1. Can you give the FRET efficiency for F62 and L14, using 1/(1 + (r/R0)^6), R0 = 30 Å, r = Cβ-Cβ distance, to the nearest 0.05?
2. Label L69 and V52 with points 7 Å out from Cα along Cα→Cβ: what is the distance between them in nm?
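Bear in mind that the values in this text are calculations on the coordinates, not laboratory data. From a predicted model like this one, the values you see are computed outputs, not experimental measurements. Ideal geometry is used to build each Cβ from the backbone, glycine not excepted, and the neighbour counts take in all protein chains shown.
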Amino acid sequence: MMKRMEKKREFFGLPIMFWGLWVTLLILWMGRFVTSFLSMYLVSDMHVSAGVAGTIVSMYGFGGIFGCLYGGWRLSAIHGLWRLRC
């Protein structure tokens with residue numbers, strides 16, 4: 001019997017799925033880096049006071065925190081904890 005050889009799709013010795021996730025995370029972190037300069041942009045170009053700019057940036061951060069908590073709560077409510085365990 002001859003074994004059927006499957007062609008493995010690899011790039012630099014790593015599977016394509018790895019590189020897809022790597023590029024996705026790279027884009028995600030590049031987008032997060034932009035938020036570091038949001039307060040400087042608001043103060044210098046948009047002429048917003050420093051207190052209001054700080055409030056806007058902190059609300060963005062709190063939204064991220066609460067969004068993660070809400071997403072985790074909804075996931076466990078929909079799928080149950082048994083599916084989340086590895």
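1. Details: r = 37 Å, r/R0 = 1.24.
Efficiency for this residue pair is about 0.20.
2. In this crude label model, L69 to V52 measures out at 2.8 nm.
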